[in-house]
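Novice: Just passing along the structure, written as structure tokens.
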Amino acid sequence: MPSTSASVVIPACNEADHIGGVLDSLVAVAAARPLRIVVVCNGCTDETEAIATSYKGVEVLVSEVASKHTALDLGDGAAGDAFPRFYADGDIRITPRAICTLLDALGVDEPRAAGPAMRYDLSGSPWIVRAFFRTMERLPFNEFWQATHLQGRGIYGTNRAGRSRFGGFPPLRSDDGFFDLLFDDAERVVVEDALVDVRCPTSLGELLRNQTRVVEGHRELVSWMQTHRPDRPTGYEGADGRGWQDLGLWRRSGFLRGLSRGVGLLDVFGYAAVEALTRANAATRRTIGREIRWR
């Protein structure tokens, strides 16, 4: 097999409806530059494996266990020493040009992590879902976080020096959160010239399920990091060490000034309702011992 200078690992569980899109883009990149593409079908009961296998040059592994962290580790092993390396969800929408731009961003010797800029696709979403995401983008803390961190983008990666920061992926819902926290702000790069379209929920129920998983995933991640990697910070504390209560962050964002003029005011009520329902759902499930699955 010819040597490769980069790799992409895709842990895929029942992604038959979407995986063709990301594979089309990756295969187009692989035709122009060395790229190893590894799809790990884990716990699939649909046609994901057959679709992935139909692509020439794509390596397909199969695991009967529906476990993302296990799939990531299997893909890592198969990808070998091909760096830089990206980890991508099977349902992302990204162009070949954006993939190349991401790969180029990791062409340095020092540890670096990179991810694309995000664009939320709200075309099929009802008002309350649109309100939630429009407000979330404008909140000062999230505005900062999205400009400097790599979670929630569907694809993230690092070079050889960065990958040496950890062994395997821990059994956490938030694999991208774990990855993100291993790097300092100066080591993370959000590549503005690379854009990924993020599918948004098409119903309130789907949004609540997704956000409940996000809330529990973050809680689980922080607990794990505090136990196993207490050397790494788990949140943004702001210039005065007060996190989201950093008043300077709110003043610089202009969010409150916009609200005073009525900009996005109704959206804020929708956002607050979703947040309240999400946290109540998460707390109730924890109380009754009902598992919150990632999928």
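The values are calculated or read from the model by the stated rules, or taken from the named source; none is laboratory data. Being a predicted model, the structure only gives us computed values, none of them experimental. We place every Cβ from the backbone using ideal geometry, glycine too, and count neighbours over all the protein chains shown.
Novice: Name the pairs: first residue in the stretch 116-137 and over 20 Å from residue 95 (Cβ atoms), second residue in a helix (DSSP H, G or I) and polar (S, T, N, Q), Cβ to Cβ under 7 Å, at least 6 apart or on different chains?
Specialist: 136/142
Novice: Only one of 174, 164 is small (Gly, Ala, Ser) and crowded, with 21+ Cβ neighbours inside 10 Å; which?
Specialist: 174
Novice: Can you tell me which residues in the stretch 91-141 are in contact with an Asp or Glu (Cβ under 9 Å, 6 or more places away or on another chain), surrounded by fewer than 16 Cβ atoms within 10 Å (Cβ to Cβ) and farther than 27 Å from residue 211 by Cα?
Specialist: Correct list: 97, 110.
Novice: Run down 107, 57 and say which single residue is over 18 Å from the mean Cα position of the chain (by Cα) and closer than 20 Å to residue 195 by Cβ.
Specialist: 107
Novice: Hey, any hits in the stretch 66-78 for a residue that's of a type in the set (Val, Ile, Thr) and surrounded by fewer than 18 Cβ atoms within 10 Å (Cβ to Cβ)?
Specialist: No, the stretch 66-78 contains no residue that is of a type in the set (Val, Ile, Thr) and surrounded by fewer than 18 Cβ atoms within 10 Å (Cβ to Cβ).
Novice: Within the stretch 51-69, track down each residue that is in contact (Cβ under 8 Å) with a residue 12 or more places away in the chain and outside any strand (DSSP E or B).
Specialist: 51, 52, 55, 56, 57, 64, 65, 66, 67, 68, 69
Novice: Spot the failing condition for residue 76; the list is (1) of a type in the set (D, E, K, R); (2) out of contact with any helix residue (DSSP H, G or I) (no Cβ under 7 Å at 6 or more places or on another chain); (3) part of a loop (DSSP other than H, G, I, E, B), and only one is missed.
Specialist: Result: residue 76 fails condition (3) only.
Novice: Would you mind stating whether residue 154 is assigned by TED's automatic domain parsing to the domain that holds residue 118 and crowded, with 18+ Cβ neighbours inside 10 Å?
Specialist: yes
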